[in-house]
Structure formats: structure tokens, C-alpha cells
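The values are calculated or read from the model by the stated rules, or taken from the named source; none is laboratory data. Keep in mind it's a predicted model, so treat the numbers as computed, not measured. Cβ coordinates were reconstructed from backbone atoms using ideal geometry, including for glycine residues, and neighbour counts include every protein chain displayed.
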Amino acid sequence: MLYHLHEMQRSLLSPFVAFSDAAAKMYSQPSSFLSKLPGAPRIAATYELMYRIGKDYEKPEFGIKSVQAHGHEVPVVEYTALAKPFCRLIRFKRFSDDPKTVEDLKDDPPVLVVAPLSGHHATLLRDTVRTLLREHKVYITDWIDARMVPADQGAFHLDDYIDYVREFIRHIGAERLHVVSVCQPTVPVMAAASLMAADGERLPRTLTLMGGPIDTRKSPTKVNDLATTKPLSWFRHSVIHEVPRNYPGHRRQVYPGFLQHAGFLAMNPSRHFNSHWDFYQDLLRGDLEDAQAHRKFYDEYNAVLDMPAEYYLDTIAVVFQQHLLPRGRWHVRGQRVAPEAIRDTAIFTIEGELDDISGLGQTAAAHELTRGLADERKRHRTVEGAGHYGIFSGRRWREVVYPEVRAFMRQHGG
């Protein structure tokens, strides 16, 4: 019922949101006579702020049109390499007319970036992808908003997520592949590698696990506290809702994106309030650069997706409440997940010193579980001064983390 009420509210507000957008432009465009009226900048700023608070935020584009690779600016084409009901495997293919550059591009190792299915779209990893494209062939998991998946496609569980990862690795080919998982997928990626090792399949050359909840008993955060202080039945009855009739996924049970977004804001409400107030002041001052930076950030941050209910509840139970992976009691389709079976790959764990989502030690716990892996195939890095997003996006990622990830991949690339 809550989802239906949200859609009704959105529908009722849409004319006002559209009017706010139009009014902001009328009072700010130099060609409009309204922009010459006294107080026009304040009116325009007020309308734009109201528009951005009330508008719907669609999934942003990756927008990676070209990159610097091997000393040349090369164009990049994004296409779907493999399509599944709940995910697209996207390839970012680089092109060049220079024969030497073409040879260099062909020799670059492939990287599979496993994006989180935890509220935001895979475009949140845009900077991760753009940086990797300098010296790698890059694929990424682009998870589909569950409300857009017809109900006749069936349920999607955490076990299905693991199956997807295994299928994507096979599709790309594990021989030269490196896998980078960010946040939530560190757990299913570890499970996929463990099951593949136990089945005698070839593993990727390296696994880079970044800021993920391998063992949430270590340095628990507010995210972990919420998951452990409420029974699973509370989550099932409080945050799971049916997709309304106006979406392809009508009748599918989901954890709605708008509820997740409310949770994101509730973690630090004063920060977001101050950010919007600063945006309003930037508009009044005519500081267009800072105002555009605000728009760009919140266009990404406010764009959320619905998660399949089965997958979400599985994750709460397996990862945050029962800790089945670190306890060695996780079974996927009847087979135990045994990280100690991993012997032929290398693991690099990365954590942010100030991460308030995955606490210190949660990702590094992967080393304790991979007892069959030689010490020289393991590496850990705690990034000083970095929060959760800083280890995979921004200056620290580009200047501190990526050079180490690149060196690790080259060391174990064969």
C-alpha cells in the first residue's frame, strides 16, 4: 500500500514540479523579461530548489565517450555483452585507427567490475570504470531496476546473483580476467570464486574486494546495527512492498528505491540539508560552477532502484544476521561455500579508514577465510583518510588506490 501511496503523491505533485522547473528558467534566463524584475534571482533559486527536491531522478548515463589509453585519446563505445532478466553485462570497448595502439589495446587484460545491487545504479562506479579503461578492457554488471522486470521472469535470490557472477566470468573468460567487486558484491563474488574452485573451474587471475561486508561482526557500523537489532520478519513486513500497476514489474515484491533513499538521507540529514542550503546560496551568488557540482552529485545520489525482495531478505539473513560466510555454514544450492578451496587466484582487500558503511576489518576478513591461498597471493590496504566512496571514486581512488590495484594485477597477471 505504501508504494501505491508514494506513486499517488508523485502523480499529484508532478504538475507543481514541472511548473517549478519552468518558473526557475523563466526567472533566470537572460532572454526572459521576468529575469529583469527585482528579486528575480531569489525567486529563480527558490523554484529550482523546489524542483530538484520534488523531481524524479532517472538512471544517469555512464557518459564515457573517450579515454586516454597508451598515449592516445581513444573513443569508447558502450554496449551490452550479455543480457539477463535482472542484469546487463556491459562492455566498454575502446577503438583506435593507429595499428600500434590497436595492438596495445588488444594486449590489455580484461577486468570485470561487479557493481553493488544495493540501491544506487552501477553508474555510481563511473570514475572506477573510466580509470580502469586506461589500461584494461572493462566490463561491468549493470543491475536492472526490479520494478522494470516483469513478474513472469520469476524471483531473484542471492543464489541467483552468484550464478550471474559465475556466468559473466565464463562469458568473458577467466584465463586473463581480473575481478573488482565494490561493497555488497564482495560476498557473492567470494562465494562464486569458492564454488568455482570447488568445482574445478578456472578462476580469474585476481580478486580485488573493496569495502565489503565479508564479516560484519568486525567493527559493526550503523548499517550493521540496524540489520541485527530487527528480526527478519520486521524487514519482510516493514520495507517490502508490491510494485504498482504502472510499471512492468507489477505485483513483484521489492524493497523500493524511495525507502532506500530515505534511509540514505537519514544516516546524515544535517549534511544533506546544509548541501541544499549551500546550493541555494550558490544560485543567489551566481556561483554556477559549485551549483553544477551539486546538481551532478545529487543527480547520481538521488537516482535509486528497487531491489528484488528475495535478494534483499537473503542478504540481510545470510550476511548481516547469520554471518554464514565467515562461519563456514553457507550453502548455495546444496553446496557449501568453501573459501579455503581457492588456491589459484590472488586476493587484494581494500578498506577506507573512515568507512561508515563497511567497518575496518570486515573486508580484510577474506584473508582469514582463504586458508588454502599462499601468503604471497594476499594483499591488504587501508586507505588513510578515505570514506566508503573514496576508495573507488575521486582523487584518492585515482592517485592512491588505482596504482596499487594496477600493480597487483600486473604482478599476478601471468
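At a glance:
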read-out: Single match in PHE156, PHE168 (criterion: assigned to a loop (DSSP other than H, G, I, E, B) and touching a residue at least 12 places away in the same chain (Cβ under 8 Å)); value: PHE156
read-out: Any hit, region 258-274, residues being charged (D, E, K, R) and touching a residue at least 40 places away in the same chain (Cβ under 8 Å); value: no
read-out: Residues within region 387-414 that are within 17 Å of the chain's Cα centre (by Cα) and of a type in the set (A, V, I, L, M), tallied; value: 1
read-out: Boolean, THR128 is touching a Phe, Trp or Tyr at 6+ places or on another chain (Cβ under 9 Å), part of a helix (DSSP H, G or I) and surrounded by 22 or more Cβ atoms within 10 Å (Cβ to Cβ); value: yes
read-out: Failed condition for GLU78, given (1) closer than 28 Å to THR123 by Cβ; (2) surrounded by fewer than 16 Cβ atoms within 10 Å (Cβ to Cβ); value: (2)
read-out: Checklist (1) farther than 26 Å from HIS276 by Cα; (2) in contact with a Lys or Arg (Cβ under 7 Å, 6 or more places away or on another chain); (3) surrounded by 11 or more Cβ atoms within 10 Å (Cβ to Cβ) applied to ARG91, failing item; value: (2)
read-out: Only listed residue being surrounded by 13 or more Cβ atoms within 10 Å (Cβ to Cβ), over 26 Å from ALA146 (Cα atoms) and over 21 Å from the mean Cα position of the chain (by Cα), chosen from LEU369, LEU288; value: LEU369
read-out: Residues that are in contact with a Phe, Trp or Tyr (Cβ under 7 Å, 6 or more places away or on another chain) and surrounded by fewer than 20 Cβ atoms within 10 Å (Cβ to Cβ), drawn from region 241-276; value: GLU242, PRO244
read-out: Region 131-165, subset of a type in the set (Lys, Arg) and closer than 14 Å to VAL111 by Cα, residue surrounded by the most Cβ atoms within 10 Å (Cβ to Cβ); value: LYS137
read-out: Residue list for region 312-333, filter: surrounded by fewer than 17 Cβ atoms within 10 Å (Cβ to Cβ), in a loop (DSSP other than H, G, I, E, B) and at negative phi; value: GLN322, ARG329
read-out: Residues of region 166-186 satisfying the condition of being surrounded by fewer than 17 Cβ atoms within 10 Å (Cβ to Cβ) and small (Gly, Ala, Ser); value: GLY173
read-out: Residue tally, condition at pLDDT 95 or above and within 21 Å of ASP306 (Cα to Cα), over region 212-231; value: 2
read-out: Residue within region 245-263 that is on the phi > 0 side of the Ramachandran plot, part of a loop (DSSP other than H, G, I, E, B) and charged (D, E, K, R) present; value: yes
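Okay, residues lined up against (1) among the polar types (S, T, N, Q); (2) at negative phi; (3) surrounded by fewer than 12 Cβ atoms within 10 Å (Cβ to Cβ):
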| residue | (1), (2), (3) |
| --- | --- |
| LYS25 | no, yes, no |
| SER32 | yes, yes, no |
| GLY39 | no, no, yes |
| GLU48 | no, yes, no |
| GLU61 | no, yes, yes |
| HIS70 | no, no, no |
| VAL74 | no, yes, no |
| PHE95 | no, yes, no |
| LYS100 | no, yes, yes |
